[in-house]
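Peer 1: Sharing a structure, written as structure tokens. Questions coming.
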Amino acid sequence: MYEPGEGNGPAVRADYERGYVEFWPAGVATSGWFLCASCGNTVIVRRVLPRCMLCGERLWERAQRTGSSASTAV
């Protein structure tokens, strides 16, 4: 979920460079930037990962904010 003051830059998969991606299920207590494993929707989580608000997916990938465009991020 977008929080005011957090910026709105694109996000990329955090583990992409290492050749593997760790998936996080909805309902896990965590915080940070996450990408929906199905549609790529980006959320900022402060407590618990929700289901994706766009497609209903329950799996997320950890993401990091960067200055690169969204098309090169995925």
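The values are calculated or read from the model by the stated rules, or taken from the named source; none is laboratory data. Keep in mind that what you see is a predicted model, and the values were worked out from it rather than measured. Please note: Cβ atoms are built from the backbone with ideal geometry, for glycine as well, and neighbour counts cover all protein chains shown.
Peer 1: Would you check which residues across the stretch 28-40 are surrounded by 16 or more Cβ atoms within 10 Å (Cβ to Cβ) and touching a Phe, Trp or Tyr at 6+ places or on another chain (Cβ under 9 Å) and list them?
Peer 2: Listed by number, the residues that qualify are F34, L35, C36, A37.
Peer 1: Restrict the check to the stretch 18-33 and report whether at least one residue is at pLDDT 90 or above, in a loop (DSSP other than H, G, I, E, B) and not small (G, A, S). Lay out the reasoning, then the answer.
Peer 2: Let us first name the residues in the stretch 18-33 that are at pLDDT 90 or above, namely 23-33.
Pick out the ones that are also in a loop (DSSP other than H, G, I, E, B) and you get 26-28, 30-31.
Right, trim to not small (G, A, S) and you get 28, 30.
Checking the stretch 18-33: at least one residue is at pLDDT 90 or above, in a loop (DSSP other than H, G, I, E, B) and not small (G, A, S).
Peer 1: Sort out which residues of the stretch 41-51 are in a loop (DSSP other than H, G, I, E, B), out of contact with any Phe, Trp or Tyr (no Cβ under 8 Å at 6 or more places or on another chain) and either buried (at least 16 other Cβ atoms within 10 Å of the Cβ) or not charged (D, E, K, R) (or both), and write them in order of number.
Peer 2: Hits for the stretch 41-51 are N41, P50.
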